[in-house]
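Beneath this line is the structure, given in structure tokens, with notes to follow.
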Amino acid sequence: MANKQLLVVDDDDGVRRIIEMCLQSTTNWNVLTAASGEEALRLAQNEQPDAILLDVMMPDFNGIETLDRLRTQTSTQDIPVIFLTAKVLEKEKQKLMKLSIQGLISKPFDVLDLNKEIRCLLNW
């Protein structure tokens, strides 16, 4: 079986680097990164990742707008998406879970458990 490819989208350079290093050291996944929704859309179309870890709060296209654009394009509409969010209010989480996503991972996250959370949400 080929290695999984995960696209990590977050406007915070530090968060992207931490996630990338964590997943590369604990999995055999190919980790792609994007700093914006626009970059994520381009990479998703070109690379066809197996899943996307998408920050909700970003300038320009936020995570919800990026998700909407992913879902309207035939080439990206079926890519599973997990939201990464600092919003921890239960009401906010419930709203986000009603969107077509695989699940939510809250910031701050435990770097040691991140790959387990992703595997669980995606059934990998």
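List of remarks:
- Take the conditions (1) surrounded by fewer than 15 Cβ atoms within 10 Å (Cβ to Cβ); (2) touching a Leu at 6+ places or on another chain (Cβ under 6 Å); Val81 misses just one of them, which is (1).
- Residue check, Ile101 under 20 Å from Asn3 (Cα atoms) and crowded, with 18+ Cβ neighbours inside 10 Å: no
- For Ser106, the test of being surrounded by 15 or more Cβ atoms within 10 Å (Cβ to Cβ), over 23 Å from Asn3 (Cα atoms) and polar (S, T, N, Q) is failed.
- Screening Thr26 against (1) over 14 Å from the mean Cα position of the chain (by Cα); (2) farther than 18 Å from Leu114 by Cβ leaves a single unmet condition, (2).
- Residues being hydrophobic (A, V, I, L, M, F, W, C) and in a helix (DSSP H, G or I) - total across segment 1-26: 6
- Being at pLDDT 95 or above, closer than 10 Å to Asp11 by Cβ and aliphatic (A, V, I, L, M) is a description that applies to Ala35.
- Of all residues in segment 33-49, none that is aromatic (Phe, Trp, Tyr) has its Cβ atom under 7 Å from the Cβ atom of a residue that is in a helix (DSSP H, G or I) and modelled with pLDDT of 95 or more, 6 or more apart or on another chain.
- Only residues that are within 20 Å of Asp78 (Cα to Cα) and exposed (fewer than 12 other Cβ atoms within 10 Å of the Cβ) were counted in segment 109-124, giving 1.
- Residue check, Thr66 closer than 20 Å to Asn3 by Cα, of a type in the set (Val, Ile, Thr) and in contact (Cβ under 8 Å) with a residue 24 or more places away in the chain: no
- Test: residue in segment 72-79 that is within 24 Å of Trp124 (Cβ to Cβ), in contact with a strand residue (DSSP E or B) (Cβ under 7 Å, 6 or more places away or on another chain) and small (Gly, Ala, Ser): no
- Screening Thr85, Thr26 for residues that are among the β-branched types (Val, Ile, Thr), in contact with a Ser or Thr (Cβ under 8 Å, 6 or more places away or on another chain) and modelled with pLDDT under 95 leaves exactly one candidate, Thr85.
- Cβ pairs under 6 Å, 6+ apart, first in segment 70-89 and among the small types (Gly, Ala, Ser), second in a loop (DSSP other than H, G, I, E, B): Ala86/Lys107
- Among residues of segment 27-59, those that are crowded, with 18+ Cβ neighbours inside 10 Å and in a strand (DSSP E or B), counted: 9
The values are calculated or read from the model by the stated rules, or taken from the named source; none is laboratory data. Since this is a predicted model, take the numbers as computed values, not measurements. When we count neighbours, we look across all protein chains shown, and the Cβ atoms used for this are built from the backbone with ideal geometry, even at glycine.
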